[in-house]
Amino acid sequence: LEEELLAAYRKDGRKAIAPRYSELRERYYGGGGLDFGEHSLNSLGYELLESSAAEDLEAAIAVLRLNTEQYPKSGNAWDSLAEAYAKAGKSEIAGIYYRKSVEVDPGNEHALEELRALAAGEAKSSGE
């Protein structure tokens, strides 16, 4: 699945990812040929996050957002989306998704740590 989605992205840009995912899911879900689990989208998102290219960061956000749409009850999916926004320098949006991650999974220590770090950063920047 990851290779298929990455190929669609490389060929037609980030807007091609969700339609290709839908097409593949409709055609192959339950057939065992492709892994439509949360991990596949998460792995692709992180692969794109490793790049320094701005368009890859935008694609990572698109993939990780798709993951939260497919797996809205996954604290890890929301945490990963938050990380992508944090990497993009959008700490306010990252905070929203870290809070969503904790709402879904109150034991998510990573999200709790990131929320504390964001709060400490905001306190520093506001002169507190």
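The values are calculated or read from the model by the stated rules, or taken from the named source; none is laboratory data. This structure is a prediction, so every number in the text was calculated from the model and none was measured. FYI the Cβ positions are ideal-geometry reconstructions off the backbone, even for glycines, and counts take in every protein chain you see. Protein only, heavy atoms only, side chains kept; ligands, DNA and RNA dropped before computing areas. Shrake-Rupley method; radii C 1.70, N 1.55, O 1.52, S 1.80 Å.
A few remarks follow.
- Flag for Leu41 being at pLDDT 95 or above and touching a Lys or Arg at 6+ places or on another chain (Cβ under 7 Å): no
- Qualifying residue in segment 47-61 (condition: of a type in the set (Val, Ile, Thr), closer than 27 Å to Arg116 by Cα, out of contact with any His (no Cβ under 9 Å at 6 or more places or on another chain) and touching a residue at least 24 places away in the same chain (Cβ under 8 Å)): yes
- When segment 1-33 is filtered for residues that are of a type in the set (D, E, K, R) and within 12 Å of Val63 (Cα to Cα), the ones remaining, listed by number, are Glu2, Arg14, Lys15, Arg20.
- For segment 87-95, the criterion of a residue being under 21 Å from Gly13 (Cβ atoms) and either open to solvent by less than 60 Å² (accessible area, probe 1.4 Å) or free of Cβ contacts under 8 Å to residues at least 24 places away in the same chain (or both) is satisfied by at least one position.
- Condition broken by Arg99, with the remaining ones in (1) open to solvent by less than 60 Å² (accessible area, probe 1.4 Å); (2) touching a helix residue (DSSP H, G or I) at 6+ places or on another chain (Cβ under 7 Å) satisfied: (1)
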